[in-house]
1. Looking at the range 20-47 only, could you name the residues that are loosely packed, with under 15 Cβ neighbours inside 10 Å, modelled with pLDDT of 75 or more and assigned to a helix (DSSP H, G or I)?
2. Go through I97, I68 for me and flag whichever is part of a loop (DSSP other than H, G, I, E, B) and crowded, with 16+ Cβ neighbours inside 10 Å.
3. Of all residues in the range 81-96, which are under 24 Å from R18 (Cβ atoms) and in contact (Cβ under 8 Å) with a residue 24 or more places away in the chain?
4. Check off (1) part of a helix (DSSP H, G or I); (2) without any contact (Cβ under 8 Å) to a residue 24 or more places away in the chain for L153 and give me the number that stays unchecked.
5. If you check L78 against the conditions, is it without any contact (Cβ under 8 Å) to a residue 60 or more places away in the chain and not assigned by TED's automatic domain parsing to the domain that holds N50?
6. Identify the single condition in (1) modelled with pLDDT under 75; (2) loosely packed, with under 15 Cβ neighbours inside 10 Å that C8 does not satisfy, given that it satisfies every other one.
7. State yes or no: is I133 touching a residue at least 24 places away in the same chain (Cβ under 8 Å), part of a helix (DSSP H, G or I) and within 31 Å of the chain's Cα centre (by Cα)?
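The values are calculated or read from the model by the stated rules, or taken from the named source; none is laboratory data. Remember, it's a predicted structure, so these values are computed and weren't measured experimentally. Here the Cβ is made from the backbone with ideal geometry for all residues, glycine too, and neighbour counts use every protein chain on show.
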Amino acid sequence: MGAFMNVCQVNQVYPYYRDLQSNFSFESHLVTSIVPPRYLPLDTEQAKRNYRSFGDALRIFLQSGTTIVEKSSPKAYLQLISFCNLHDGFLLLRELIFSLSPQLSGNYYDYRHDIDTLAIIPGERLSKFYQQIINMSNEITIVNIPNGNLAMLAYRFLSLLRSTNCPTIIGLINPYWKSINKHR
């Protein structure tokens, strides 16, 4: 993407995630929708060739087997395999992003089970547990479905911290615990 931004002479090739529309296409975004046209007809043809060339490189990068690894991203890995017949790397990237994003018409993912099964593993550092909570919170925030999952996550997080019976932790989270229970 960095190389393509240099060729296109723009700062942000890919639109921000929150600004994506369901009809988004890289080709119209990168080549045909530049208004007023910055390119002469010859330059437009070169831009299309650059698009195809970078698209091929992007496809090779995504399908290399090391970019999206089955062990760390099983859903994305399986989705990527299902797109093996797509030859346009930009289309492949778009389909991968949209198919895994509920707010972009992808599959809905219910986080309630993940929240309910959260646990502090004996001997585990609290910072590792906290990082797991932050990652899940970020995912739920990105999904942007107002179903109360963030509130459930906060409640579960605080209840698990209270279950440690550590006076320091309980002292720190007690105001939040009272507030969330009063709200409930």
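1. S28, E45, Q46
2. Details: I97 fails: part of a loop (DSSP other than H, G, I, E, B).
After ruling out the rest, the residue left standing is I68.
3. G89, F90, L91, L92, L93, R94, L96 - these are the residues of the range 81-96 that are under 24 Å from R18 (Cβ atoms) and in contact (Cβ under 8 Å) with a residue 24 or more places away in the chain.
4. (2)
5. Values: without any contact (Cβ under 8 Å) to a residue 60 or more places away in the chain: yes; not assigned by TED's automatic domain parsing to the domain that holds N50: no.
Against the criterion (without any contact (Cβ under 8 Å) to a residue 60 or more places away in the chain and not assigned by TED's automatic domain parsing to the domain that holds N50), L78 does not qualify.
6. (2)
7. When the stated conditions are applied, I133 passes them.
Results for (1) farther than 25 Å from S73 by Cα; (2) in the same structural domain as K75 (by TED's automatic domain parsing); (3) surrounded by 14 or more Cβ atoms within 10 Å (Cβ to Cβ), shown as yes or no for each residue.
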| site | (1), (2), (3) |
| --- | --- |
| N135 | no, no, no |
| T141 | no, no, no |
| N147 | no, no, no |
| L150 | no, no, yes |
| L153 | no, no, yes |
| L158 | yes, no, yes |
| T164 | yes, no, no |
| W177 | yes, no, yes |
